[in-house]
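The values are calculated or read from the model by the stated rules, or taken from the named source; none is laboratory data. These figures come from a predicted structure and were not determined experimentally. Virtual Cβ from ideal backbone geometry, glycine too; neighbours counted across all protein chains shown. With ligands, DNA and RNA removed, areas are computed over all heavy atoms of the protein, side chains included. Shrake-Rupley method; radii C 1.70, N 1.55, O 1.52, S 1.80 Å.
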Amino acid sequence: MAEIMGGDALARMLAAEGVNTVFGIIDGTYFGFYSSLKKHGIRLITPRHETSAAHMAGAYARATGKLGVCMASNGPGVANVLSGIVVEQAEGNRVLLVTSARRVGVMYPERFGGFQCFDQTGVIGKTSKWSERVPSPARLPELARAALRACFEGRPGVVHLDIPEDIMNGKAEYPDAWAPAKYRRLEPLYPSPEAVERAADALIKAELPMIHAGSGVIHSGAYSELKAVAELLQAPVTTSWAGRAAMAETSELVIPLIHLELVEKIRNEADTFLILGSRLGETDRWAKAPFWRPASESTTIQVDLADDAIGVNRPADVAVQADVKVFLTLLLARLQARFGELKLEERTRTIARYARLRREARAELDERLKDMSAPMNSAHAAAACRELFPDGSIMVVDGGNSAIWANFYHEIRTPGTVLSTFKFGMLGAGTAQALGAAAASDKPVCCITGDGAMGFHPQEIETAVRNKMKIVYVVLCDKQWGMVKMNQQFMLKPIKTLIFKALGPDETINADLGEIRFDDLARSMGAHGERVADPKDLRAALKRCLETDGPSVLHVDVDPVKHMWAPGLKWFKDMHGEPKGK
């Protein structure tokens, strides 16, 4: 065995895993790693902040189904990446974080007075699936394999490998990289035939089965399987927020969560629930009454990779630990074999009724698009993006009220094309998620965000310029922390708020912001920048952005009062209350 740097050995292992992209900022403490990437066929994309690297890796992983890899240097670099790691773990994205640490003998335990030292594995271990340090060159391959094994087991999340700089950059003898099949299972987790049969039996006997799809459908890539099962059963499909892109919303079977009253109606009329890759969390109202039919009056089939997610918030009558794609493939075969037992006439009529109610709800929402005043109603921005971006383009949703407007006025035409931080609601993550999406896609990426959220990481526009990424950042500018301001208004002066819709700047607490000209900011970094306030000018401006060879920023002035009164606000507020049912 020839002597090579520890970072080179790690890069060789990642190449064997099929990794072709790493995100992170360069630093001398892991020169041995990033300097070896190119020769192993791995590209390095460098953002302007470490937390952006984490979001880029998470977005890349979700968009491609591959492992996302990011890196951060010891001390301040690791401190910077922490917020991104917390979010990507919460969102359940498959990410490997590689960090450098001070040389052996300075950390673990920290030598008194050490420079740029803190308990990196201890801190990250509290917010990730797995975190470990490499104590010696001899342990590096073993622990790298352990990290990768943990990353691919169960629910996706973040794993962390911490490597001292003298191991990363120093030379030692390392064995050739093992093929992944030699240290982890490559086959997806299969359900038992008995579990599949019990699920099929329950769905065939149901009066009205309903499918609830979570992000597990997206991670397993079970788009066609979900569609086939739903169509065969004539079952309505709802999703968690994180699972919203599990099925195209052009199908009459899909009832997006934005139509909450209809969603809750269906969840109370259904007598059998097929739960796919969802933890049935807070935004799902914990799957409890009165928002769902009581468990005692219905049958619940829950399928998840993680056994600790099954039967937690709702009792499961059929509990299945399995890969969602594999389960749906086997279920479809059993349903097709027993197709003659299905009684679909009443279900089809019910689906038609739901579709009519959905169209009525959509028409009510679209009334806002008739408002042609300037500065514009925020609904126009998402509607125009939906119209002009090609099918298959990834939509990144960021910001408080801006995220609500984007969700309510964007229709998903291609599964797997929405990115956000649905479980964490992290302001500013979208700027970097768009970079990760662009690295994963050959179509233009749309990022709808607010001026508050864009203010967190606007420097990443330069990253898009430097890497020639086709991204259009649509920044809805109301010069306020709108969602917080609305809450303050109701807390401070509820009657006046209801009558006048808004309070003056002196009547709220630090809720107003100064203006940032994001179009000028974009041009200062080499991107295309435009500003628009009149909805009549919006589509032409968006078209110019899409015709630009590289990234663009469209500064959109929106009516601050109308922007604050986003659709679904009452539901968003009520969501945090505890359901009284079981």
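Worth a mention:
Residues are listed down the side, and each one gets a yes or a no for (1) surrounded by fewer than 24 Cβ atoms within 10 Å (Cβ to Cβ); (2) at pLDDT 95 or above:
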position: Leu427; (1), (2): yes, no
position: Thr431; (1), (2): no, yes
position: Leu435; (1), (2): no, yes
position: Ala440; (1), (2): yes, yes
position: Val445; (1), (2): no, yes
position: Thr449; (1), (2): no, yes
position: Ile461; (1), (2): no, yes
position: Arg466; (1), (2): yes, yes
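- When the range 114-128 is limited to residues that are assigned to a loop (DSSP other than H, G, I, E, B) and open to solvent by less than 70 Å² (accessible area, probe 1.4 Å), the one that is nearest to Gly92 (Cα to Cα) turns out to be Ser128.
- Candidate set: the range 222-238, residues that are open to solvent by 10 Å² or more (accessible area, probe 1.4 Å) and in contact (Cβ under 8 Å) with a residue 12 or more places away in the chain; chosen: the one nearest to the chain's Cα centre (by Cα): Tyr223
- Residues in the range 503-533 that are open to solvent by less than 30 Å² (accessible area, probe 1.4 Å) and either outside any loop (DSSP other than H, G, I, E, B) or out of contact with any Ser or Thr (no Cβ under 9 Å at 6 or more places or on another chain) (or both): Gly504, Thr508, Ala511, Phe518, Asp519, Ala522, Gly529, Glu530, Val532.
- Which numbered condition Ala363 misses (of (1) open to solvent by 50 Å² or more (accessible area, probe 1.4 Å); (2) in a loop (DSSP other than H, G, I, E, B)): (2)
- Of the residues making up the range 74-112, those that are farther than 25 Å from Phe152 by Cβ, part of a strand (DSSP E or B) and either modelled with pLDDT of 95 or more or within 22 Å of the chain's Cα centre (by Cα) (or both) number 0.
- Scan the range 1-21 for residues that are more than 14 Å from Asn169 (Cα to Cα), open to solvent by less than 50 Å² (accessible area, probe 1.4 Å) and out of contact with any helix residue (DSSP H, G or I) (no Cβ under 7 Å at 6 or more places or on another chain) and the total you get is 3.
- The C-beta contact set for the range 185-202 (first residue assigned to a helix (DSSP H, G or I) and surrounded by fewer than 12 Cβ atoms within 10 Å (Cβ to Cβ), second residue at pLDDT 95 or above and hydrophobic (A, V, I, L, M, F, W, C), distance under 8 angstrom, 6+ apart or interchain) comprises Pro193/Leu330.
- Considering Glu252, Glu264, the condition of being open to solvent by 10 Å² or more (accessible area, probe 1.4 Å), under 26 Å from Val418 (Cα atoms) and without any contact (Cβ under 8 Å) to a residue 40 or more places away in the chain is satisfied by Glu264 alone.
- Among the candidates Ala79, Ala15, Ala61, Ala53, residue that is in contact with a Gly (Cβ under 7 Å, 6 or more places away or on another chain) and within 17 Å of Thr99 (Cβ to Cβ): Ala53
- Listed by position, the strands (runs of 3 or more DSSP E) enclosed by the range 242-326 include none that has at least 3 residues that are over 21 Å from Ala230 (Cβ atoms).
- Glu153, sole failed condition from (1) farther than 16 Å from Ser100 by Cα; (2) of a type outside the set (Gly, Ala, Ser); (3) in contact (Cβ under 8 Å) with a residue 40 or more places away in the chain; (4) buried (at least 17 other Cβ atoms within 10 Å of the Cβ): (3)
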